[in-house]
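Following: one structure in structure tokens, then a few remarks.
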């Protein structure tokens, strides 16, 4: 997994949303929250259920935004490779 700030700095909206989604999903992991509650005596607020609710709400927002992105703008790797091959063949035929 890429570092979240690096992905966001890249400027790719979809990749940034996916990275954010993955981070939020990791933050909402029940195992991690249970471990924190068992092991920590802190005042960070992570053990407070309201924090988890806020993380889950943001995850829902990010998922909705991802669903709203047009899929046609995002080419698959195989589409990109096919396009490059077609361009090479066209350039070779024109030479």
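The values are calculated or read from the model by the stated rules, or taken from the named source; none is laboratory data. Note that the structure is a prediction, hence the values are computed from the model and not measured. Here Cβ is always computed from backbone atoms with ideal geometry, including for glycine, and neighbour counts include all displayed protein chains.
With the structure loaded, tell me whether residue 85 is at pLDDT below 80, more than 30 Å from residue 32 (Cα to Cα) and touching a helix residue (DSSP H, G or I) at 6+ places or on another chain (Cβ under 8 Å) or whether it fails that test. It would help to see each step written out before you state the result.
Details: at pLDDT below 80: yes; more than 30 Å from residue 32 (Cα to Cα): yes; touching a helix residue (DSSP H, G or I) at 6+ places or on another chain (Cβ under 8 Å): no.
So residue 85 fails the test.
Tell me, yes or no, whether region 39-62 has at least one residue that is farther than 27 Å from residue 13 by Cβ, surrounded by 10 or more Cβ atoms within 10 Å (Cβ to Cβ) and modelled with pLDDT of 75 or more. Steps first, answer last, please.
Quick first cut of region 39-62, residues farther than 27 Å from residue 13 by Cβ only: 39-50.
If we keep only those that are surrounded by 10 or more Cβ atoms within 10 Å (Cβ to Cβ) as well, we get 40, 46-48.
Add one more test, that the residue is modelled with pLDDT of 75 or more, and what stays is 40.
Within region 39-62, one or more residues are farther than 27 Å from residue 13 by Cβ, surrounded by 10 or more Cβ atoms within 10 Å (Cβ to Cβ) and modelled with pLDDT of 75 or more.
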